[in-house]
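Data block below; observations after.
Nothing in this text is a laboratory measurement; each read-out follows from the coordinates by a stated rule. Predicted, not measured: the structure shown is a model, and the values here were computed from it. Neighbour counts run over all protein chains shown; Cβ positions are idealised from the backbone, glycine included.
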Amino acid sequence: MAAKFLDKIEIPSDRFEMRLSGSGGQGMIFASVVLSKAIGMVGSKKVVQSQSYGPEARGGASKADVVVSDNEIFYPKAMNLDLLLAMTQEALDKYYPDLKKGGTLIIDSTLIDDVPTDDYYALEFTRIAREEVGHIMVANVVALGAIVAITDFVSKERLVEVVLEHAPRGTEDKNRKAVEIGFNEALKLKK
């Protein structure tokens, strides 16, 4: 899959909107809660998280939004996405129109074949989770590692700390490894 990769994201201080999307059951809400908490723990950033379950709670396209700002956030819903994570083709097809021109697109190339742009980051989150971490359920955590590497909002260490606070007991090693791999694979794309 040919793709043109961006060097660095310009993060405005007033409002940065992210949508984590995939199939119901892929853990996008968990990922958005963890990302929101990790970002909110450092500096003076304001963060809100919202989610949409809809009728597609299991199987259809689902989304969770994270809005970050230096100022008060008066409207918590994402309106004009700066970053879109799409874990499935259906999610990409449904939410790509919400990505602003010049916004950052991150896709799971394990499950997405048709991308409507040449400017995106492509990582095999599902394959990495299954084959390198040993459990498909941490694909969302692999994606979080990649998002942190691409955006520089928080350190990898802070993300690991928050993931481990929220992950089920007994999964610490898998989740730590998932963040590491996602982070390191995304750094390779930035070079």
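Brief remarks follow.
- Between the listed residues Tyr121, Gly103, Leu20, the Cα displaced farthest toward the positive end of the dipole of the chain, a dipole computed from Cβ unit charges relative to the Cα centre, is found at Leu20.
- Close amide H contacts of Asp119 (hydrogens built in the peptide plane, cut-off under 5 Å, sequence separation of 5 or more or a different chain): Lys4.
- Relative contact order, percent, segment 62-158 [alpha-carbon distance under 8 Å, six or more residues apart]: 17
- Amide H contacts of Ser62 (H built 1.01 Å from N, in plane; Pro and chain starts excluded): Gly22, Ser23, Gly24 sit under 5 Å, all sequence-distant by 5 or more or on other chains.
- The chain - mean residue ellipticity at 222 nm from DSSP helices (-39,500 (n - 2.57) per run, n ≥ 4, rounded to 500): -10500 deg cm²/dmol
- Computed from backbone phi with θ = phi - 60° and the Karplus coefficients 6.51, -1.76 and 1.60, the 3J(HN,Hα) list for segment 149-155 is 5, 6, 8, 6, 5, 9, 6 Hz; x is used for glycine and proline.
- Neighbours of Met18 by Cβ distance under 9 Å: Lys/Arg scored +1, Asp/Glu scored -1, total -2.
- Averaging the sequence gap over all C-alpha pairs within less than 8 Å and six or more residues apart, then dividing by the number of residues, gives segment 16-190 a relative contact order of 20 percent.
- Residue of Thr88, Thr104, Thr171 that the Gaussian network model of the chain assigns the largest fluctuation, springs spanning Cα pairs under 10 Å: Thr171
- Signed unit charges on C-beta, dipole axis of the chain, positive-most listed residue Thr171, Gly60, His135: Thr171
- The chain - charge dipole about Cα centre, Lys and Arg +1 at Cβ, Asp and Glu -1, debye rounded to 20: 280
- In order along segment 73-82, the phi-based Karplus estimate (6.51 cos²θ - 1.76 cosθ + 1.60, θ = phi - 60°) of 3J(HN,Hα) comes to 9, 8, 10, x, 8, 6, 10, 8, 5, 8 Hz; Gly and Pro are listed as x.
- Whole-Hz ³J(HN,Hα) from phi, Karplus 6.51 cos²θ - 1.76 cosθ + 1.60, for segment 119-133, glycine and proline x: 9, 6, 9, 10, 9, 8, 4, 5, 5, 4, 4, 5, 8, 9, 9
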